[in-house]
Amino acid sequence: MAKKQISKDVLRIITEVLSLVIIIILFRNGKLQIWFGIFAVGVIVSFFAGRFYCGWICPMGTLFRPIGWIYKKLGIKRIKTPGFFKKPWVRIVFLLLFVAVMILTKVLQIRVNFLLYMIAFSVALTLFFSEDMWHHHICPFGTILSISSRFSKKGITIDETACIACGKCQKVCPSQSIVTLESKKRANIAKECLVCYKCQDVCPANTCNYETL
């Protein structure tokens, strides 16, 4: 199990670094819009395998990792997501605004690197607020993937019969997709899960696994 976890973590790091290198190259060559094609592939994959784009490729999620690591080492706590942002319609509003701005700039022929500004904004936001605020409530890409991944037959599950209700998985989940049941045990909401495997990394009972839903 340990060897499998190490190889998985190494593969994820390689994938994230390569994704950052690609996005830097695209930016330097003025072709950052190509990344939207990569995102489109991520959407297609999510129909069958879940939100791997979020947990393994997304540049924002990749940059959040070192921030989270540094904050944990320094004992810095971030502000919890305000209740207002947790309303279901809020993320839809952000998505519609994003689409509207994209269409407007296209019609007016205004050249704007949307992705670059989004990355900068998400990182700035995550310096003060918990990650789930971006992943779960603001990110337009995340909202799209939360819809497409509803059809996925694969995802991270938590074996309720083996769960020891320690809550470690819930504490490390960046999107807060893990919820507490009446039994105090945990369950994972697959459509909100980033498939980052953080829950599996800390679970002492090995109850978090990627499998058929």
Q) Any residue at all in region 3-11 that is surrounded by fewer than 15 Cβ atoms within 10 Å (Cβ to Cβ), under 22 Å from H136 (Cβ atoms) and not assigned by TED's automatic domain parsing to the domain that holds A190? A) no
Q | Any pair with Cβ under 7 angstrom, 6 or more apart, that starts in region 172-188 at a residue that is in contact (Cβ under 8 Å) with a residue 40 or more places away in the chain and ends at one that is surrounded by 17 or more Cβ atoms within 10 Å (Cβ to Cβ) and in a loop (DSSP other than H, G, I, E, B) | A | P174/L194; P174/C196; S175/C193; S175/L194; S177/C193
(Q) Out of the residues in region 23-44 meeting the condition of being in contact with a helix residue (DSSP H, G or I) (Cβ under 6 Å, 6 or more places away or on another chain) and free of Cβ contacts under 8 Å to residues at least 24 places away in the same chain, tell me which one is surrounded by the fewest Cβ atoms within 10 Å (Cβ to Cβ). (A) I34
Q | Some residue of region 108-115 being closer than 25 Å to I13 by Cβ and under 19 Å from the mean Cα position of the chain (by Cα) | A | yes
Q: Answer yes if at least one residue in region 45-55 is exposed (fewer than 12 other Cβ atoms within 10 Å of the Cβ), at pLDDT 95 or above and β-branched (V, I, T), and no otherwise.
A: no
Q) Just one of the numbered conditions (1) modelled with pLDDT of 95 or more; (2) within 15 Å of the chain's Cα centre (by Cα); (3) exposed (fewer than 10 other Cβ atoms within 10 Å of the Cβ) is not true of I79; which one? A) (2)
Q. Mind checking which residues of region 75-113 are β-branched (V, I, T) and more than 19 Å from L127 (Cα to Cα)?
A. V90, I92, V93, V99, V101, I103, T105, V107, I110, V112
Q: Could you tell me whether P59 is surrounded by fewer than 16 Cβ atoms within 10 Å (Cβ to Cβ) and not aliphatic (A, V, I, L, M)?
A: no
Q | Criterion: surrounded by 11 or more Cβ atoms within 10 Å (Cβ to Cβ) and either farther than 18 Å from F39 by Cα or within 17 Å of the chain's Cα centre (by Cα) (or both) - qualifying residue of L97, L74 | A | L97
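The values are calculated or read from the model by the stated rules, or taken from the named source; none is laboratory data. Quick caveat, the model's predicted, so the values are computed rather than measured. Positions of Cβ are backbone-derived with ideal geometry, glycine not excepted, and every protein chain shown enters the neighbour counts.
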